[in-house]
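Data first, discussion second: the structure below is written as structure tokens.
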Amino acid sequence: MSTMTMAKAINAGLRAGLADNPKALLMGEDIGSLGGVYRITEGLKAEFGADRVVDTPLAESGIIGTAIGLALRGYRPVCEIQFDGFVFPGFNQITTQLAKMRSRSEGALSAPVVIRIPYGGGIGSIEHHSESPEALFAHTAGIRILTPSNPQDGYWMIQQAMSGQDPVIVFEPKRRYWLKGEVDTAAPAGDPFSAHVVRQGTDATIVAYGPLVPVALAAAEAAAEDGRSIEVIDLRSISPIDFDTVTDSVRRTGRLIVTHEAPTFGGIGGEIAARVSERAFLHLEAPVIRVGGFHMPYPVAAVEEHYLPDIDRLLDAVDTVFSY
């Protein structure tokens, strides 16, 4: 058991994945000698060589397209998209080629490409550096989507993504790269596509993922001071979604709040709300409440704290579900 930041945990997970499979390689902008903008790949080029930790041109479509070709030839490419807002030049390759390769070939071909995307806000950055585009990719069948919220998941999820047969996008919450936590490198990895109950409660459920899991836990702690017992679920996987764990919780608590940094309009929270309403309608004591970003371009750094869901907005939602 070691204490690591999430950044160091993902670095260690990549190292383990490269060591386990000689066909695995990393590719992306400035990931070699620099070690990436967030130093997630620091030291890996020196350890595994420039042919397995590849600095690419500034061309996201080319990065993804090349990775698809490599995967079809038996390699295991792991692509780094430097910032969330930079992924869109590669969106066509991901959604129309990578996601459809297995279906198009009737199962004869697989393209096990892993795409790492630092996402979300809270770092005081400029335009195109604080996006949350996960719903755009979740809408496309054929892609699995994971998002760790802690160093333990950061370490294991990247390895599990690298060992699967399907394309996987790993959305890494960039403002949590410096979050420290215990990492058990010897523990057997559980199912990365299952949600985890990270705080038990009886009165209401908050579902969060990625960067907002610590915020949800803090809100639950604050609500406890008012005598309200809040259960918190870390979704972990955005596609597929573990609806069973969420529904089981709501059947016990009767109230649900879903939160994410992405805008609530067209967001993952809407899908969860609809599914829970279908599966547990008679158990609900109040409407499902969504807390997320606003339907607008991500704001400038000086006011981003007003855009991002925080403890106060979650506690307001708790008050709302208890008002019915």
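Numbers for the structure displayed
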{"item": "Range of Cα positions in the chain per principal axis (Å), largest first", "result": "59, 42, 41"}
{"item": "Relative contact order of region 75-130, defined on C-alpha pairs under 8 angstrom at six or more residues apart (%)", "result": "53"}
{"item": "Unit charges on C-beta of K, R, D, E only; dipole of region 229-274, Debye", "result": "160"}
{"item": "Signed unit charges on C-beta, dipole axis of the chain, positive-most listed residue Leu315, Phe91, Gly124", "result": "Phe91"}
{"item": "Rough spin-label spacing in nm, given labels placed 7 Å along Cα→Cβ, for Asn21 and Asp226", "result": "4.7"}
{"item": "Cβ-defined net charge surrounding Val183, 12 Å radius [Lys, Arg +1; Asp, Glu -1]", "result": "-1"}
{"item": "Cα→Cβ-extended label distance, 7 Å offset, between Asp244 and Leu72, nm", "result": "3.6"}
{"item": "HN-Hα J in Hz across region 41-47 - Karplus 6.51, -1.76, 1.60, θ = phi - 60°, x for Gly and Pro", "result": "9, 4, x, 6, 5, 5, 7"}
{"item": "Protection proxy ranking of 294-306, 157-169 - average other beta-carbon atoms within 10 Å, highest first", "result": "157-169, 294-306"}
{"item": "Relative contact order (%) - region 176-310, alpha-carbon pairs under 8 angstrom, separation at least six", "result": "24"}
{"item": "Cα pair count fraction exceeding 16 Å, expressed as % - region 1-50", "result": "36"}
{"item": "Residues Val197 and Ser110, FRET efficiency given R0 of 35 Å [Cβ-Cβ distance, rounded to 0.05]", "result": "0.60"}
{"item": "Dipole magnitude (debye, nearest 20) for the chain, charges at Cβ of Lys, Arg, Asp, Glu", "result": "920"}
{"item": "J(HN,Hα) series, region 63-74, from Karplus relation 6.51 cos²θ - 1.76 cosθ + 1.60, nearest Hz, glycine and proline x", "result": "4, 5, x, 5, 5, 4, x, 4, 5, 5, 9, x"}
{"item": "Whole-Å distance, taken between Cα centres, linking region 175-195 and region 283-324", "result": "26"}
{"item": "Fully extended contour minus Cα-Cα distance, from His283 to Ser2, at 0.36 nm per residue", "result": "97.0 nm"}
{"item": "With DNA, RNA and ligands ignored, accessible area of Arg144 (1.4 Å probe; Å², nearest 10)", "result": "80"}
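The values are calculated or read from the model by the stated rules, or taken from the named source; none is laboratory data. Predicted model, so just to flag it, every value in this text is computed and none were measured. Glycine also receives a Cβ, built like all others from the backbone with ideal geometry; neighbour counts cover every protein chain displayed. All accessible areas refer to the heavy atoms of the entire protein, side chains included, with ligands and DNA or RNA removed. Shrake-Rupley method; radii C 1.70, N 1.55, O 1.52, S 1.80 Å.
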